[in-house]
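**Q** Quick one: structure below, then a few questions.
The values are calculated or read from the model by the stated rules, or taken from the named source; none is laboratory data. Keep in mind it's a predicted model, so treat the numbers as computed, not measured. As a convention, Cβ positions derive from the backbone with ideal geometry for all residues, glycine included, and neighbour counts pool all protein chains shown.
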Amino acid sequence: MNRDLPPADPSGPRNSFNRSNPFDVKRLGKLARTLVVGLTVLMLGLAQPLAHADELDDRKKEIEAQLAQSKQDLHDYNQVAARAAAALEASQNELAAAESALRTAEQAETDAAEKDKQAAAALVIAQRELAAAKAAAAKAKDEVDKWMKTVGATVIQTQQQRTDLLGLAVLTTDTNMGSLNQRVQWSKTLMDSTQAKLDRLRALQFAADAAEQKATDAEADVAAKRAAAQRAYTEAQQARTASQQARDARAAAVVTNEQARATADAAVEEEKQNQAQLEAEGKDVAERIADRIAAQKAAEAKAKAEAAAKTKAEADAAERRAAAARAEAAKATAAKKAAADAKAKKAEEEAAAAKKKVATTSASNSNSSSSKSSSSSSSSKGFIYPSGAVITSSYGQRFHPILRYWKLHDGTDFGASCGTPIKAAAAGVVEERYYNAGYGNRLIIDHGSVNGRYVTTSYNHATRYIVSVGQRVSQGQTIGYVGSTGYSTGCHLHFMAWVNGSLVNPMTLY
């Protein structure tokens, strides 16, 4: 909105009685509020131009610090969803700051408009007072001019009457005392009248001078108020510009926030599907582990039964041979009794050895079949850490930053850099190796029965593995290298464990 101030005339003569148009207040219109998409939040420049910008910068740094601090906690989440959640939070803070800036700018605009209005009104009053002062000065000047003419005529007449020949005329003319007194009286009256007129003229001149000074002061006041009105008008224009910029910034923040919210909502839906897939994957793995344990137990039971049947058959055969030997010894003659006794004793020793073999074989079959992939080192020495890196996130419940609820973090995270070797926690057999959208490249090792517990471990997010399914690995053997595949925001190893088919805290193995 444009508005012209009353024109100043600094080059014209003082008291020129130039009647300029008064400050036009009615030309203040309503401001247009147009929402324009922008990316920069522009703050009000009159009072605190950088206050809200500083707040946004501080908030941005705070968010960046929070993201850096919680980066490890986001390891197992969708990177797109994590970024969308962070962007939404940032846009919400920017929108709040933009709205605050808009309120400040609009208040400043209102204050500036009121100040502008008051300055315009004061200028109008000053101009009216100036016009009145000039009119009064002009009237006083006219009065002085009129009296100047009257007094001038009187002075001329008086001067004409007051001559040096007056005394001579009195002596030479036929003038009596009464006529002389009359002339003196008339002369005195004329002088008194002239003096009165002079006094009146002096008074009028004083009044004219006062009116002139008042007009001069009024002109100075108008000039000052014109300058003040100009400043107020400029400030109002600046306030309107800043307010519009704040409205544009808020509009941009609204658009950004809406876009961020839409992206975040879509990411949340995607993350829900991802979490559902992870849960389904967890159930499938648990079922496969349970099937393997059941198969191992069935194999153990079958091996035990077969070993027991075989041992029993061997024992029965030995017993039969011993009985036959005893029967044969009974039939032998006395001469052959010693030889028969020796043979019977040997048969009894064989029977005892067969029974002992039954017990030994049973124990041996139990150990070997119940731990087809375990080793003495894993049962006697326990487990080792699969990585020497620091633990960045432990097993347990934690708050999901995208879905906004608590969920189980189903393993222990080691903050190793990409390419760091991954070690087998214990001896065992590689049962599974595949890629999963959530866990990325994962490897599952079956350690069999360790100290009476069936143990399975899983290694996730690797960049690659160097062992194959069915391969037996030893404790501490390098099986792959740390990566950031699947739902991962950074290089790390996600280590998981199952005991007797149930997911457990991997740290319970140590």
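**Q** Is segment 440-450 home to any residue that is modelled with pLDDT under 90, touching an Asp or Glu at 6+ places or on another chain (Cβ under 7 Å) and not acidic (Asp, Glu)?
**A** In the first step, residues of segment 440-450 are kept if they are modelled with pLDDT under 90; the result is none.
No, segment 440-450 has no match at all.
**Q** Would a scan of segment 381-390 turn up a residue that is within 60 Å of the chain's Cα centre (by Cα) and at pLDDT below 75? I'd like the intermediate steps shown before the answer.
**A** Start the filter on segment 381-390 by keeping residues that are within 60 Å of the chain's Cα centre (by Cα), which leaves 381-390.
Those still in the list that are at pLDDT below 75 too: 381.
There is at least one residue in segment 381-390 that is within 60 Å of the chain's Cα centre (by Cα) and at pLDDT below 75.
**Q** Out of all the residues in segment 424-473, which are polar (S, T, N, Q) and within 20 Å of MET507 (Cα to Cα)? Full working, then the answer.
**A** Step one: list which residues in segment 424-473 are polar (S, T, N, Q), which gives 436, 441, 449, 451, 456-458, 460, 463, 468, 471.
SER449, ASN451, THR456, THR457, SER458, ASN460 - these are the residues of segment 424-473 that are polar (S, T, N, Q) and within 20 Å of MET507 (Cα to Cα).
**Q** Against the condition touching a strand residue (DSSP E or B) at 6+ places or on another chain (Cβ under 8 Å), surrounded by fewer than 19 Cβ atoms within 10 Å (Cβ to Cβ) and either touching a residue at least 60 places away in the same chain (Cβ under 8 Å) or within 23 Å of ARG83 (Cβ to Cβ) (or both), how does GLY476 come out, does it pass?
**A** Working: touching a strand residue (DSSP E or B) at 6+ places or on another chain (Cβ under 8 Å): yes; surrounded by fewer than 19 Cβ atoms within 10 Å (Cβ to Cβ): yes; either touching a residue at least 60 places away in the same chain (Cβ under 8 Å) or within 23 Å of ARG83 (Cβ to Cβ) (or both): yes.
Yes, satisfied.
**Q** Looking at ALA112, ALA98, ALA90, ALA86, can you tell me which residue is over 29 Å from GLN259 (Cβ atoms), small (Gly, Ala, Ser) and in the same structural domain as ALA223 (by TED's automatic domain parsing)? It would help to see each step written out before you state the result.
**A** Details: ALA98 fails: over 29 Å from GLN259 (Cβ atoms); ALA90 fails: over 29 Å from GLN259 (Cβ atoms); ALA86 fails: over 29 Å from GLN259 (Cβ atoms).
Criteria check complete, one pass: ALA112.
**Q** Tally the residues that are hydroxyl-bearing (Ser, Thr, Tyr) and under 15 Å from GLY411 (Cα atoms), restricting the search to segment 481-510. Before you say what the answer is, go through the steps one by one.
**A** Narrowing segment 481-510 to residues hydroxyl-bearing (Ser, Thr, Tyr): 481, 484-485, 487-489, 502, 508, 510.
Pick out the ones that are also under 15 Å from GLY411 (Cα atoms) and you get 487-488, 502, 508, 510.
Of the residues in segment 481-510, 5 are hydroxyl-bearing (Ser, Thr, Tyr) and under 15 Å from GLY411 (Cα atoms).
**Q** Does ALA140 fit the bill of being modelled with pLDDT of 80 or more and surrounded by 12 or more Cβ atoms within 10 Å (Cβ to Cβ)? First the steps, then the outcome.
**A** On the way: modelled with pLDDT of 80 or more: no; surrounded by 12 or more Cβ atoms within 10 Å (Cβ to Cβ): yes.
Answer is no for this residue.
**Q** Take the residues in segment 479-493 that are within 30 Å of GLU270 (Cα to Cα) and either of a type in the set (A, V, I, L, M, F, W, C) or outside the structural domain of PHE383 (by TED's automatic domain parsing) (or both); name whichever of them is surrounded by the most Cβ atoms within 10 Å (Cβ to Cβ).
**A** Here is the first cut: in segment 479-493, the residues within 30 Å of GLU270 (Cα to Cα) are 480-493.
So of that shortlist, the ones also either of a type in the set (A, V, I, L, M, F, W, C) or outside the structural domain of PHE383 (by TED's automatic domain parsing) (or both) come out as 482, 491, 493.
On the way: VAL482: 24, CYS491: 20, LEU493: 27.
Residue satisfying both the conditions and the ranking: LEU493.
**Q** Which one of these is at pLDDT 85 or above, outside the structural domain of HIS447 (by TED's automatic domain parsing) and not aliphatic (A, V, I, L, M): LYS302, LYS343?
**A** Details: LYS343 fails: at pLDDT 85 or above.
After applying the criteria, what remains is LYS302.
**Q** Can you tell me how many residues in segment 120-137 are under 17 Å from ARG226 (Cα atoms), among the hydrophobic types (A, V, I, L, M, F, W, C) and at pLDDT 80 or above?
**A** First, the residues of segment 120-137 that are under 17 Å from ARG226 (Cα atoms): 120-131.
After this cut, where a residue has to be among the hydrophobic types (A, V, I, L, M, F, W, C) as well, the list is 120-126, 130-131.
Then keep just the ones that are at pLDDT 80 or above; that gives 120-122, 124-126, 131.
Count: 7.
**Q** Additional query: Looking only at residues in segment 225-264 that are small (Gly, Ala, Ser) and free of Cβ contacts under 8 Å to residues at least 60 places away in the same chain, which one is surrounded by the fewest Cβ atoms within 10 Å (Cβ to Cβ)?
**A** Taking segment 225-264 first, the residues small (Gly, Ala, Ser) are 227-229, 232, 236, 239, 242-243, 246, 249, 251-253, 260, 262, 264.
Of the ones still in play, those that are also free of Cβ contacts under 8 Å to residues at least 60 places away in the same chain are 227, 262.
Details: ALA227: 14, ALA262: 12.
Of everything passing the filter in segment 225-264, ALA262 is surrounded by the fewest Cβ atoms within 10 Å (Cβ to Cβ).
**Q** Something else now. Kindly indicate whether MET496 is in contact with a Phe, Trp or Tyr (Cβ under 9 Å, 6 or more places away or on another chain) and surrounded by 17 or more Cβ atoms within 10 Å (Cβ to Cβ).
**A** Values: in contact with a Phe, Trp or Tyr (Cβ under 9 Å, 6 or more places away or on another chain): yes; surrounded by 17 or more Cβ atoms within 10 Å (Cβ to Cβ): yes.
Judged against the criteria, MET496 is a match.
**Q** Here is a check on your reading of the model: is ARG442 basic (Lys, Arg) and crowded, with 21+ Cβ neighbours inside 10 Å?
**A** Numbers: basic (Lys, Arg): yes; crowded, with 21+ Cβ neighbours inside 10 Å: yes.
Judged against the criteria, ARG442 is a match.
**Q** Additional query: Of everything in segment 446-470 that's polar (S, T, N, Q) and surrounded by 14 or more Cβ atoms within 10 Å (Cβ to Cβ), which residue is farthest from THR489 (Cα to Cα)?
**A** Narrowing segment 446-470 to residues polar (S, T, N, Q): 449, 451, 456-458, 460, 463, 468.
Those still in the list that are surrounded by 14 or more Cβ atoms within 10 Å (Cβ to Cβ) too: 449, 456-458, 460, 463.
On the way: SER449: 35, THR456: 26, THR457: 23, SER458: 19, ASN460: 13, THR463: 14 Å.
Among those residues, the one meeting the criterion is SER449.
**Q** Right, another one. Count, please, the residues in segment 421-439 that happen to be closer than 15 Å to LEU503 by Cβ and modelled with pLDDT of 95 or more.
**A** Of the residues in segment 421-439, the ones closer than 15 Å to LEU503 by Cβ are 438-439.
With the extra rule that they be modelled with pLDDT of 95 or more, the set shrinks to none.
Total meeting the criteria: 0.
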